[in-house]
Amino acid sequence: MEARLDYFATPTAGRIAKHFVAAGREIKESPLPAAVQELVALRVSQINACAVCVEMHTKEAAAAGESAVRLNLVATWREATVFTEAERAALELAEEGTRIADAAGGVSDEVWERAAKHYAEEELISLVSLVAFMNTANRLNVITRQPAGSYEVGRFQH
């Protein structure tokens, strides 16, 4: 598969990509635990069928020490026993936040309350921002058919 666009090839695309990557770095540096960030980014990307983001977040999480078992079970987190209650709450919020069109009304009060039970306000802001950021990244990549298979760990961390 060949990408339809190169986000870094034109001045406009480069400026947009630069700011988008910078926003991602701000979320990455937020107080939301790194493991939760990678699990949520991976789950959102799975839902949106964004292969390049699934690859990126699987590799980044593995490089950070995440176990293969947990990474392989993210898609079925409800049935898996390897996630904490806090991680489960974040994954549930990520799913409802990603499937807004499927769930009229958006994120339910019950799902929000479970997340708020485990995360402070700064972490919740980061979690919501991460879900929105990943949905945007997934759409940019899926629409332009960005291919997976060649991501190198740390590529967007400079």
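Ordered by the count of other Cβ atoms within 10 Å of each Cβ, fewest first, I143, I27, I100 give I143, I100, I27.
Angle of helix 121-143 to the longest C-alpha principal axis of the chain, folded into 0 to 90 degrees and rounded to 10: 40°.
Based on the Cα atoms of segment 44-143, what semi-axes does the equivalent ellipsoid have, where each is the square root of 5 times one gyration tensor eigenvalue, given in whole Å with the largest first?
Working: eigenvalues 83, 66, 33 Å².
Each semi-axis is the square root of five times an eigenvalue, giving 20, 18, 13 Å.
Would you list E87, E79 from fewest to most Cβ contacts within 10 Å? Each step should come with its number before you reach the end.
Numbers: E87 19, E79 7.
With the fewest neighbours first, E87, E79 line up as E79, E87.
Peptides 57-65, 88-96, 15-23 ranked from most to least packed by the mean count of surrounding Cβ atoms within 10 Å: 88-96, 57-65, 15-23. Ordering W77, A101, C50 by Cα displacement along the dipole of segment 24-108 toward the positive end leaves C50 in first place; charges were set at the Cβ atoms of Lys, Arg (+1) and Asp, Glu (-1). Estimated from the Cβ-Cβ distance and a Förster radius of 30 angstrom, the FRET efficiency linking V142 and A116 is about 0.45.
By the count of other C-beta atoms within 10 Å, a proxy for reagent exposure, F8, F83 are ordered fewest to most as F8, F83.
Laboratory data are not the source of any read-out in this text; all were calculated from the coordinates shown. All of these numbers come straight from a predicted model, not from anything done at the bench. Because the Cβ atoms are built from the backbone with ideal geometry, glycine has one as well, and the counts that use them run over all protein chains shown.
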